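Remarks on the structure that follows.
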Amino acid sequence: MKDLIIRGPDCVHVPLKLGFAEYFFHKATDIGNKIFQIDGNTEKVETYGQVKTRTTRLALGLKQLGFKPKDVSFLCCHNGSDNIIPVLATLYLGGRVSSGDPRQTADDSRYLMEQVEPQVIFVEERSVQMIEEALKGSELHPRIIVIGDSDKYLTMKKLEEPHHDEAEFTPVKQTEDDIAFILFSSGTTSAQKGIYISNRFALNCGSIWKEGGNAVPGVTMHFTSFYWIIAIAMTSFCMITESAKVVGKNISAERYLKLVSKYKITFTICSNTFTYQLTNLDEKIRKKYDTTSLISFAVGGASVQLSQLLKLRQILPHTKVTMGYGSSENGMISGFNLREENAINSKPLSSGTPVPGLELKVVDLESGKLLGPNQQGEIRVKSRYTMSGYHKLNADDVFDENGFMKIGDYGYYDEDKYVYVLGRLKEMFKYQFFQILPETIEQMLIKHPAVQEAVVFGVPHAEDNNHPGAVVTLKPNVQVTPGELIEYCHSKVADYRKLRAGLVIMDAIPKTVTGKVQRRLVRDIFIKMKSEKS
């Protein structure tokens, strides 16, 4: 740390110089009888060999339709055992995979599809109408393939029928620099951008988890479709460690515990939102299920309140419950080595140390000067395993003069190299000449016994730049007024952090399909509500 840059351990098992799908194909040839995936909704079990057969047949079917290298498949489906099939089949042919989400509107889906101009759309049966509506307003003419039944369109099931050439099939040879995925940024603070994910990045997501001791082989579970980097990372980790993964849509807290108990799940990664379902579940229900197999439970996507983290650790006493830190552009940035039990217990609000092969620094917001331990500033990272650029956009301004990516987060690291993420830079705002980080006020509001969630933002003000404003949701069966909450907050915070714009109580806080708060929309709703009352 002499140069004020903290580094993860050197990579031993990486890089793996193969295409993402090519690696799966060869792995499935070697361990075909091992379980690869379990559908958490239907409990259908598939081996590596069975998935290899399905993906090979689909690839041959796509090839007959004229699909060629660098063509794009767009997925619109919930998390499930059918997700991986078009992903691998597309990559076998040298194509690229992009994804939307069935919960998006037709306008949202149209925007994403117009960015990547797909030749093929794989859409689950219940979302066909939404995709049709999205395409009406565009100049795109992709082939629609339905995951499910359809009298109108070709189905994936039809393309998975036995093929006379399947025994001789081999994937198109890919380099580690070839683009495998085009993911989209979350869109919480700006328009969504297409992110290029190379084979090197995709495959090494899982290898880094293994090398850094951040995940546990065996039976894993993730809740996201390939709209999220987590699905890529978990699939990579499973391939490399010859593990199985449980997937599913709309998995309830009790259903999750049942799956843990039945399939002896060892490692789970989920969103902060899901953790509240677990902690709100009746204790009698929780105690029905054996969770002793669950070694690691990681929370990603957004920071977790300390009180919530401690509740999770209480209801999962045999499990290491931690926060991870990552982004679509970088994959995992920091995490806990699960062997470091002392740090897990003593640094609960940290997201761990940098992963293998990654460098991290913190710089002053104004001068760009390097900062040392426990000094708060902008976090920047550098790694070989990062995005290859943005789709149709120049990414030069994302990197500084030393090749570190400006990932837009605010935080610090301590004297032991453990990273603490405090919030997003774009969410910061100025009151007079004070820089205000919304999370500092949000944490105070959430400590009130009536408050479930809190979102703080800057409301433009002619003289003071911005005035802090807040929106909260309440816990069930409680009563409190906005005035009481403001009074509580003001008794706890510095004068410049007072909620001068006011506070509004809402039934629910708008979020993206990935579970992140839509701050701009929340602020706009707040301003509208305030203007209607005045």
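The values are calculated or read from the model by the stated rules, or taken from the named source; none is laboratory data. These figures come from a predicted structure and were not determined experimentally. Reconstructed Cβ throughout: ideal geometry from the backbone, glycine too, with neighbour counts over all protein chains shown.
Hey, among P449, P460, which residue is without any contact (Cβ under 8 Å) to a residue 40 or more places away in the chain and closer than 29 Å to Q192 by Cα?
Only one candidate passes the filter, namely P460.
Of all residues in the stretch 312-341, how many are modelled with pLDDT under 95 and assigned to a helix (DSSP H, G or I)?
1
Do we have any residue at all in the stretch 357-370 that's of a type in the set (G, A, S) and in contact with a Leu (Cβ under 9 Å, 6 or more places away or on another chain)?
The answer is no, given that none of the residues of the stretch 357-370 is of a type in the set (G, A, S) and in contact with a Leu (Cβ under 9 Å, 6 or more places away or on another chain).
Please indicate, with yes or no, whether at least one residue in the stretch 431-449 is farther than 25 Å from Q308 by Cβ and in contact with a helix residue (DSSP H, G or I) (Cβ under 6 Å, 6 or more places away or on another chain).
Checked against the condition, which is being farther than 25 Å from Q308 by Cβ and in contact with a helix residue (DSSP H, G or I) (Cβ under 6 Å, 6 or more places away or on another chain), the stretch 431-449 yields at least one hit.
What are the pairs with Cβ atoms under 8 angstrom where one residue, in the stretch 379-399, is small (G, A, S) and the other, located anywhere, is at pLDDT below 90 and surrounded by fewer than 19 Cβ atoms within 10 Å (Cβ to Cβ)? Sequence gap at least six, or different chains.
Close Cβ pairs (under 8 Å, with a partner that is at pLDDT below 90 and surrounded by fewer than 19 Cβ atoms within 10 Å (Cβ to Cβ)) amount to G389/A395.
Kindly provide the set of residues from the stretch 98-122 that are in a strand (DSSP E or B) and either within 21 Å of the chain's Cα centre (by Cα) or among the aromatic types (F, W, Y) (or both), ordered by number.
Matches in the stretch 98-122: S98, S99, F122.
Within the group V146, V128, which residue is more than 24 Å from the chain's Cα centre (by Cα), in a strand (DSSP E or B) and surrounded by 19 or more Cβ atoms within 10 Å (Cβ to Cβ)?
V146
Please find, within the stretch 356-408, the residue that is surrounded by the most Cβ atoms within 10 Å (Cβ to Cβ) out of those that are among the charged types (D, E, K, R) and closer than 13 Å to E329 by Cα.
Looking at the filtered set, the residue picked out is R380.
Restricting to the stretch 295-311, what's the tally of residues that are in a loop (DSSP other than H, G, I, E, B) and either among the hydroxyl-bearing types (S, T, Y) or touching a strand residue (DSSP E or B) at 6+ places or on another chain (Cβ under 6 Å) (or both)?
3
Going through the stretch 409-419 one residue at a time, which ones are in contact with a Ser or Thr (Cβ under 7 Å, 6 or more places away or on another chain) and surrounded by fewer than 21 Cβ atoms within 10 Å (Cβ to Cβ)?
Answer for the stretch 409-419, where residues must be in contact with a Ser or Thr (Cβ under 7 Å, 6 or more places away or on another chain) and surrounded by fewer than 21 Cβ atoms within 10 Å (Cβ to Cβ): just K417.
Being outside any strand (DSSP E or B) and in the same structural domain as T235 (by TED's automatic domain parsing) narrows it down to one residue among S73, S81; which is it?
S81
Would you confirm, using the coordinates I've provided, whether V97 is surrounded by fewer than 24 Cβ atoms within 10 Å (Cβ to Cβ), β-branched (V, I, T), in contact with a Ser or Thr (Cβ under 8 Å, 6 or more places away or on another chain) and closer than 16 Å to I145 by Cβ?
The answer is no for V97.
Looking at the stretch 409-432, I want the residues that are under 22 Å from V517 (Cα atoms) and have a partner that is among the β-branched types (V, I, T) and in a strand (DSSP E or B) with Cβ atoms under 6 Å, at least 6 apart or on another chain. Which pairs are those?
Pairs found: D409/I379; D409/V421; G411/I379; G411/V421; F429/I436.
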